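Shown next, in structure tokens, is the structure this report addresses.
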Amino acid sequence: MAEKFNYKKAGVDVNEGYKAVDKYKKQSERARIPGQLTELGAFNGMFAVPKNMKNPVMVSGTDGVGTKLDIAFQMGIYDTVGIDCVAMSVNDILCSGVKTSFFLDYIACGKLDSKVAGELVKGVTDGCVDAGCALLGGETAEMPGFYDDGKYDLAGFGVGVADKSDIINGSKIKEGDVLIGLSSTGPHSNGYSLIRKLVTDFEEKITIGGKERKIGEVLLTPTRIYVRPVMDVLSKFRSSVHGMVHVTGGGFYENVPRMFPHAKEGKKQLVAMIKKDSWEVPEIFDELIKRGADPENVFSTFNMGIGFVLAVSKKDSAEILKRFNANAKKFAVKGAPVMKAYEIGYVGHTDKVIKGEFKGSKEMTQFYV
């Protein structure tokens, strides 16, 4: 007689899944906010559209954590990468001047461990709390034979709602606008395929900020979530903020140009003029260069210490900069360095006609001394 199989013998432990969901529910309550209409565990998640909006627009973002996850697995530290997962989407949504309303996560693995999954979702919840959004739902997929045991993938999806008239889309950027850069906590969630070539022992100790730490722990520092400080500035200076950039994969050259519109016929193309050495570069980047990262390419791979950029009117730039730095401690998160804001350059122009996508163009992001 042929052997009989059930789901557990095939590699899917339903009871372990139930344990994981119980952990998720306890965590998600911390991120509950007004407007949330459903509990975690329903077939779908519902969120009320805010009242008093004349022309509401939904703004979405999605991303994953990427190969930074491999360091988390090797270090056995699972409760920080969930913050990265949230940060990558909510910071993207923020580029339009919009606060994320709700977030959903997706966890995939070969063999589910409810404790590990619970730690991953704890991090997601921590990120949602920092961003002020609800954790409205998610999916956990156990796929034996597809993922190696002990390996997880983590991705997420966020949605915000704003009045169309409040959307910031770069159309008001003009020559002479000041570029304000907000400090990163390190590489955030980008460039880790390169980092994993440069660092082979994540238990190795290095000196950062005068303290000896494991390099793996330093590299797992979560992505900074910029929602609260930026929305605070927008509450007073929205009309003076003309464009915003989340500096992610591809660094400055890939991302800064994305806020600029194409020049109309007969007009000059706007570009970013970045002043070298106008901000403090975190020590971890020097460590990566020392280990072999090509100095000529680091600005097209890493954020190099600036995780978010705003193009603002010159007349209000000093006040905006002052507000960011004055309120930085109020928005600080435990375990992360306090955010700093810097004037890192200005909006200039090029006489060249640039067609197609701006991403990666060194003409669109120019550095000066």
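The values are calculated or read from the model by the stated rules, or taken from the named source; none is laboratory data. Quantities reported herein were computed from a predicted structural model and do not represent experimental measurements. For neighbour counting, all protein chains shown are included, and Cβ atoms are generated from backbone atoms with ideal geometry for every residue, glycine included.
Just a few scattered comments:
- Close pairs from the stretch 298-311: first over 13 Å from I195 (Cα atoms), partner part of a helix (DSSP H, G or I) and of a type in the set (S, T, Y), Cβ under 8 Å, at least 6 apart: F299/Y253; S300/Y253
- Test: residue in the stretch 65-76 that is in the same structural domain as L104 (by TED's automatic domain parsing), assigned to a loop (DSSP other than H, G, I, E, B), over 30 Å from S189 (Cα atoms) and not aliphatic (A, V, I, L, M): no
- Qualifying residue in the stretch 103-110 (condition: at pLDDT 95 or above, among the hydroxyl-bearing types (S, T, Y) and not in a strand (DSSP E or B)): no
- Scanning the stretch 43-73 for residues that are among the polar types (S, T, N, Q) and surrounded by 14 or more Cβ atoms within 10 Å (Cβ to Cβ) turns up T62, T67.
- Flag if F358 is surrounded by 15 or more Cβ atoms within 10 Å (Cβ to Cβ), outside any strand (DSSP E or B), of a type in the set (F, W, Y) and modelled with pLDDT under 95: yes
- Annotation: T80 fulfils all but one of (1) of a type in the set (S, T, N, Q); (2) touching a residue at least 60 places away in the same chain (Cβ under 8 Å); (3) over 30 Å from L182 (Cβ atoms); the unmet one is (3).
- Segments classed as strands (runs of 3 or more DSSP E), wholly inside the stretch 157-221, with at least 1 members that are small (G, A, S) and outside the structural domain of G66 (by TED's automatic domain parsing): 178-183
- Scanning the stretch 4-37 for residues that are under 26 Å from C109 (Cα atoms), assigned to a loop (DSSP other than H, G, I, E, B) and either within 27 Å of the chain's Cα centre (by Cα) or charged (D, E, K, R) (or both) yields K4, K8, K9, D13.
- E343, sole failed condition from (1) farther than 19 Å from G251 by Cβ; (2) exposed (fewer than 14 other Cβ atoms within 10 Å of the Cβ): (2)
- Restricting the first member to the stretch 121-146 and to residues that are farther than 30 Å from K9 by Cβ, and the second to residues that are of a type in the set (D, E) and crowded, with 24+ Cβ neighbours inside 10 Å, the beta-carbon pairs closer than 6 Å and six or more apart or on different chains are V124/D105.
This table checks each residue for (1) out of contact with any strand residue (DSSP E or B) (no Cβ under 8 Å at 6 or more places or on another chain); (2) at pLDDT 95 or above.
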{"residue": "I306", "(1), (2)": "no, yes"}
{"residue": "V312", "(1), (2)": "no, yes"}
{"residue": "D316", "(1), (2)": "yes, yes"}
{"residue": "I320", "(1), (2)": "no, yes"}
{"residue": "N325", "(1), (2)": "no, yes"}
{"residue": "A336", "(1), (2)": "yes, no"}
{"residue": "K340", "(1), (2)": "no, yes"}
{"residue": "V353", "(1), (2)": "no, no"}
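- Listed by first and then second residue, the pairs linking a residue in the stretch 1-25 that is of a type in the set (A, V, I, L, M) to a residue that is part of a helix (DSSP H, G or I) and at pLDDT 90 or above, with Cβ atoms under 7 Å apart and 6 or more places separating them unless they lie on different chains, are A20/S114; A20/A117; A20/G118.
- Selected residue (only one of T125, T100, T80, T38 is out of contact with any strand residue (DSSP E or B) (no Cβ under 6 Å at 6 or more places or on another chain), surrounded by 20 or more Cβ atoms within 10 Å (Cβ to Cβ) and either at pLDDT below 95 or polar (S, T, N, Q) (or both)): T80
- Among the residues of the stretch 338-355, just one is among the charged types (D, E, K, R) and assigned to a strand (DSSP E or B), namely E343.
- For K115: the one exception among (1) of a type outside the set (G, A, S); (2) in a helix (DSSP H, G or I); (3) within 30 Å of I173 (Cα to Cα): (3)
- Residue selection: N255 satisfies the criterion of being of a type outside the set (S, T, Y), buried (at least 19 other Cβ atoms within 10 Å of the Cβ), outside any strand (DSSP E or B) and under 21 Å from the mean Cα position of the chain (by Cα).
- No other residue among G150, G127, G138 is touching a Gly at 6+ places or on another chain (Cβ under 7 Å) and assigned by TED's automatic domain parsing to the domain that holds D79 apart from G127.
- The numbered conditions (1) without any contact (Cβ under 8 Å) to a residue 40 or more places away in the chain; (2) part of a helix (DSSP H, G or I); (3) closer than 17 Å to T350 by Cα are all true for I289 except (3).
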